[in-house]
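The values are calculated or read from the model by the stated rules, or taken from the named source; none is laboratory data. Since this is a predicted model, take the numbers as computed values, not measurements. Reconstructed Cβ throughout: ideal geometry from the backbone, glycine too, with neighbour counts over all protein chains shown.
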Amino acid sequence: MMGTKRFDVETEKTMRDRVCDWIGLLLFALSIGYTVFYWNALPDEVPIHFNGSGEVDGYGSKWVLLLMPMIGVGMLALLGFLERHPEWHNYPHRLNEENARQFYTHSRTMLNRVKNITLVLFAQIQVDIVRVPLGARDGLSTWSTGFLIALLLIIIIAGAIRQVKIK
């Protein structure tokens with residue numbers, strides 16, 4: 001069984017972590033502001049689903065636009081809480097008092113990046129959903145969506161590789 005040991009080790013956010021937090025929060029907040037600003041200009045039905053090519057293949061009430069920010073806030077709260085408690089994350093059996101700080105720091109940092117890139121991804125999708133019925137786009141931005149998803153995968157894989165290298 002993995003992750004059963006916990007050590008009382010403090011890890012602090014770096015300046016880079018704080019910058020990532022501000023960028024993620026700012027872009028997420030701007031996407032909500034963008035939605036609020038154009039709310040009255042939106043039709044009653046907006047795109048709510050896109051196929052793999054980014055083309056709209058489902059419509060729903062514009063009130064569904066509140067769902068992405070609500071999920072984002074919930075995710076921000078959960079991942080932020082877990083980021084503050086790296087001792088609760090899952091670690092291999094080789095976790096010990098000597099390497100706990102390194103494990104906790106790497107895990108907390110990876111979770112910080114995942115949290116913030118996910119916020120940016122949610123913001124980008126939210127803005128695209130608003131822009132389609134306004135005629136500014138004809139579908140989801142597959143390049144930026146794909147880039148952000150690829151970046152998430154790279155961060156997770158790189159984080160796992162870093163943890164494997166900890167002795």
### Message
Please verify whether residue 125 is surrounded by 16 or more Cβ atoms within 10 Å (Cβ to Cβ), touching a Pro at 6+ places or on another chain (Cβ under 7 Å) and under 19 Å from residue 52 (Cα atoms), treating the condition exactly as stated.
### Response
no
### Summary
residue 109 vs (1) out of contact with any Pro (no Cβ under 8 Å at 6 or more places or on another chain); (2) crowded, with 21+ Cβ neighbours inside 10 Å; (3) polar (S, T, N, Q); (4) closer than 26 Å to residue 52 by Cβ: all pass except (4)
### Task
Tell me, please, whether a residue that is farther than 27 Å from residue 149 by Cα, surrounded by fewer than 16 Cβ atoms within 10 Å (Cβ to Cβ) and either of a type in the set (Asp, Glu) or in contact (Cβ under 8 Å) with a residue 60 or more places away in the chain (or both) can be found in region 21-41.
yes
### Query
Taking into account only those residues within region 89-104 that are closer than 10 Å to residue 7 by Cα and assigned to a helix (DSSP H, G or I), which is nearest to the chain's Cα centre (by Cα)?
104
#### Entry: Within region 42-63, tally of residues that are part of a helix (DSSP H, G or I) and surrounded by 16 or more Cβ atoms within 10 Å (Cβ to Cβ)
1
### Message
Considering only region 109-128, I want to know if a residue exists there that is among the β-branched types (Val, Ile, Thr), more than 11 Å from the chain's Cα centre (by Cα) and over 17 Å from residue 158 (Cβ atoms).
### Response
yes
### Task
From (1) closer than 25 Å to residue 163 by Cβ; (2) of a type outside the set (Val, Ile, Thr); (3) within 20 Å of the chain's Cα centre (by Cα), pick out the condition that doesn't hold for residue 72.
(1)
### Query
Give me the pairs: first residue in region 88-100 and aromatic (Phe, Trp, Tyr) and surrounded by 13 or more Cβ atoms within 10 Å (Cβ to Cβ), second residue modelled with pLDDT of 85 or more and outside any loop (DSSP other than H, G, I, E, B), beta-carbon distance under 6 Å, and six or more apart or on different chains, which are they?
91/103
### Task
Filter region 117-157 for residues that are assigned to a helix (DSSP H, G or I), farther than 16 Å from residue 32 by Cβ and in contact (Cβ under 8 Å) with a residue 24 or more places away in the chain and give the result.
117, 142, 145, 148, 149, 151, 152, 155, 156
